[in-house]
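The structure appears right after this line, and notes come after that.
The values are calculated or read from the model by the stated rules, or taken from the named source; none is laboratory data. None of the values given here were measured: they were computed from a predicted structure. Just the protein is used for accessible areas: all its heavy atoms, side chains included, with ligands, DNA and RNA removed. Shrake-Rupley method; radii C 1.70, N 1.55, O 1.52, S 1.80 Å.
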Amino acid sequence: MSGKKIKGFAQLFKGKALSIFGVDRMASEQKKRLIYLREYLLKYTDEEHALSRIEIEQALAEKGFEFGRKTFYDDINALKESGMDILSTKSDTVKYYVGNREFQLSELKLLIDAVGCSRFFTLKKTEELISKLECLTSVYQAELLKRQVFVKNRVKSMNETIYYAIDTIHNAINLDKAVCFKYFKWIIDENNKPAMAFKHQGSLYEVSPWGVSWSDGNYYLIGFDHKDKIIKHFRVDRMRNTAVSDNFRIKNEDFRKFDIESYSSKIFGMFGGEECYVKMKIPSRLVDVFVDQFGSSLDICGNYDDSYVVGANVAISRQFFAWLLGLSEPVAIVYPPEVNEEMKSFVESIKCQ
């Protein structure tokens, strides 16, 4: 082949390479423009704040994106086809805004309230999560969310490692393994400050996780304690050095018939005690309180003029008696008699204090 032909082929291939490079570059710029247009519409538009094509183009031009009328409409249609709910106003000047979002404003308010009220989250994590939730709507609606958030003076967890503990527990359940951890309680130190004191002289607990439950703003690990051979529950925010054990979970007969909902209704808010079926005479105005506490497991054993006799399995403890006394109206334990006597002794012990 002559040198002239070789040179001609080289120029041809060079031209095609430049052409392909140019197409790739244009496609890359188009992707970047679409991504930024999507983010801009989500952040700066809503039903009360629509923007015209000119306003949107000017905003994108500040980021180095320039396009004409046809390109704008092509990009809007591409975003619509991808599932984005872009609506337009019916007026002299057509304006655009994002309609339905992944989360509506009312849903975000509920989520932010749940995060703000939860004792499980630390103050730092609460503020981080609320900030992230605010990013799921426009900057204008985010301001409305900020006005309803009050978390500074709420009781919050002081354990920043709690999120890793939750992940570890779920990983252990997925792997069918036990978990190991240290467990602490709060004490007052010599400087009259809250301080952690590890239980069992700081030795590790090994527990087969049977479930995780949320109650009264706290997460609890429910599982089988390998050392004591009984079912226990642990506040996750009081666990430290949580790790997946090398040992598999113990799944005995209790595990096969274990009902986490039933267990929670009997235990949480109370100290663990011997389980017993208790009948109580309650005013009719307290029915909703007892249904909230015991759920569908609550038995209606009798109906009187303005009261009911209800039955439920309860972990008998001083905390249970204190819960009954803290209700707005008197409740009488009618069965079994020994639990009624325990209740009377508890009341007398309070009087003597």
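What shape does region 49-95 have by the C-alpha gyration tensor, where a ≥ b ≥ c are the square roots of the eigenvalues, rounded means a/c under 1.5, and otherwise prolate means a/b greater than b/c and oblate the rest?
Taking the square roots of the gyration eigenvalues as a ≥ b ≥ c, region 49-95 is oblate.
Partners of Lys90 within straight-line reach, counting aspartates and glutamates whose Cα lies under 19 Å from its Cα and excluding those fewer than 8 residues away in the same chain: Asp46, Glu47, Glu48, Glu55. Our Cα-only numbers for region 169-211 put the radius of gyration and Dmax at 14.3, 44 Å.
Surface analysis of region 300-353 yields an accessible area of 60 Å² per residue, using protein heavy atoms and a 1.4 Å probe. Among the listed pairs Lys199/Lys257; Lys193/Lys232; Lys229/Lys251, those with a Cα-Cα distance over 19 Å are Lys199/Lys257; Lys193/Lys232. Under 20 Å of direct C-alpha separation, and excluding same-chain neighbours fewer than eight residues apart, Lys182 reaches these aspartates and glutamates: Glu160, Asp167, Glu206, Asp225, Asp228, Asp237, Asp246. For region 207-353, report the % of Cα-Cα distances exceeding 24 Å. When all Cα pairs of region 207-353 are counted, 40 percent exceed 24 Å.
The H on the amide N of Cys301, modeled in the peptide plane, is under 5 Å from the matching H of Val309, Val310, Gly311, each at least 5 residues off or on a different chain.
Database remark: amide H of Lys95 closer than 5 angstrom to the amide H of Thr89 (H placed geometrically; neighbours at sequence offset of 5 or more, or on other chains; Pro and chain starts carry no H).
In the assembled protein chains, Asp306 presents an accessible area of approximately 80 Å² (probe radius 1.4 Å). Under a 5 Å amide H cut-off, with hydrogens placed 1.01 Å from N, Arg249 pairs with Lys177, Ala178 among residues at least 5 apart or on other chains. For the pair Lys80 and Arg285, the difference between a 0.36 nm per residue extended length and the Cα-Cα distance amounts to 68.5 nm.
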